[in-house]
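Bear in mind these aren't lab numbers, they're just calculated from the coordinates by the rules spelled out. These numbers come from a predicted model, not from an experiment. Because the Cβ atoms are built from the backbone with ideal geometry, glycine has one as well, and the counts that use them run over all protein chains shown.
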Amino acid sequence: MLGWVTDGGLETDLIFHKGLELPGFAAFPLVEERSTAQLLLDYYAEYAAVAERAGAGLVLETPTWRASPDHGALLGYDRDGLARVNAAAVDLVRAAGAGVGQVRISGVVGPRGDGYVAAGGRADEAAEYHYEQVAVLAGAGVDVVHAMTINEPSEAIGVVRAARSVGVPVGISFTVETDGRLPDGTTLRAAVEQVDAAAAPDWYGVNCAHPLHVAGALDGAAWQSRVEVLRPNASTLTHAELDAMEVLDEGDRSLLTSSAAELLQQLPGVTTLGGCCGTDATHVASMWGVPAPGR
């Protein structure tokens, strides 16, 4: 049963609506400057308003999807710098939730490689790679670590193992292509069952795919009850098409809203609803059936 609002497409909102440049599609450096940190606080405030209007709790996800070693190194961040910025991101979202009501702090982890291309790595390598970021987020006091846009089971298993080693709850959100399969070709069902057999997370989610694409992955079997988070894209385009675009595809808002509602009927375990690429607070408000902030 739905009870938690979360945010939308942070990076696409900042790039296309706020006019920011985000090298490497990384939002985490913004927490270190007062002016850009304020932009993040303003961004989260919009979703706090949606949650209030919906009578729901608020899940605040840290802007740390790219704050891991390989991506951080491209932006000049070493181990100590990444630890600093991950902890600062937790502090920022905690400040964003001050006085809001019921809030959960979610520490976001992204894939080691491209979110849309499976790297074919091993689970033990993924556990080692993600360990330090997960440990910093846990040490900063997040309620859960959330790995988003995961495109293959092995990396999901590694993230769960890293989280279990430091004693923090963990959720895994897979992304799917237009055919409902993960980028490595695995069906969503097979991915959930494979990860559950090796290192079960506390829950699963699906993000960065339109509801119509997710619907193609569903078969009515018991595994669907494990899906608790839905963060769809606004656009029905493929990941490759979205990567090549120089303007934002904000999608058909009514189609997003109606298809998300239909998807939720098939996923009764979903508790948390937000958006991903191309969505902003107006899309999320529409999916929740409440007026958008400022309207």
*Place +1 on the Cβ of every Lys and Arg and -1 on the Cβ of every Asp and Glu in the chain, take the dipole about the Cα centre, and give the residue among 127, 191, 269 whose Cα lies farthest towards its positive end.*
269
*Which length gain, in nm to one decimal place, applies between residue 244 and residue 79 when the Cα-Cα distance is subtracted from 0.36 nm times their residue separation?*
56.2 nm
*asked:* Tell me the label only: which of (i) 0.93; (ii) 1.03; (iii) 0.98 is Rg/Rh (Cα atoms, Kirkwood Rh) as calculated from this structure?
replied: (i)
*What is the distance in Å between the Cα centres of the stretch 192-207 and the stretch 27-91?*
25 Å
*May I ask you to derive the relative contact order of the stretch 33-115, considering only C-alpha pairs under 8 Å and at least 6 residues apart, and to give it as an integer percent?*
42 percent
*In whole percent, what relative contact order does the stretch 138-295 give with Cα contacts below 8 Å and a gap of six or more residues?*
19 percent
*State to the nearest 20 debye the size of the charge dipole of the stretch 58-160 about its Cα centre, where the only charges are +1 on K and R beta carbons and -1 on D and E beta carbons.*
320 debye
*Give, in nm to one decimal, the length gained when the segment between residue 39 and residue 125 is fully stretched (0.36 nm per residue of separation minus the Cα-Cα distance).*
27.4 nm
*Exposure proxy order (Cβ contacts within 10 Å, fewest to most) of 165, 173*: 165, 173
*For each of 1, 287, 148, 245, count neighbouring Cβ atoms within 10 Å of the residue's Cβ, then give the residues from fewest to most.*
1, 245, 148, 287
*asked:* Report the Cα centroid-to-centroid distance between the stretch 211-238 and the stretch 116-142 in angstrom, as an integer.
replied: 24 Å
*Ranked by Cβ crowding within 10 angstrom, fewest neighbours first, how are 17, 71, 239 ordered?*
17, 71, 239
*Evaluate the relative contact order of the chain (contact order divided by residue number), counting alpha-carbon pairs under 8 angstrom at least 6 apart; express in whole percent.*
20 percent
*asked:* Compute, for the stretch 4-288, the length of the dipole vector about the Cα centre, with Cβ point charges of +1 (Lys, Arg) and -1 (Asp, Glu) only. Units Debye, rounded to 20.
replied: 700 debye
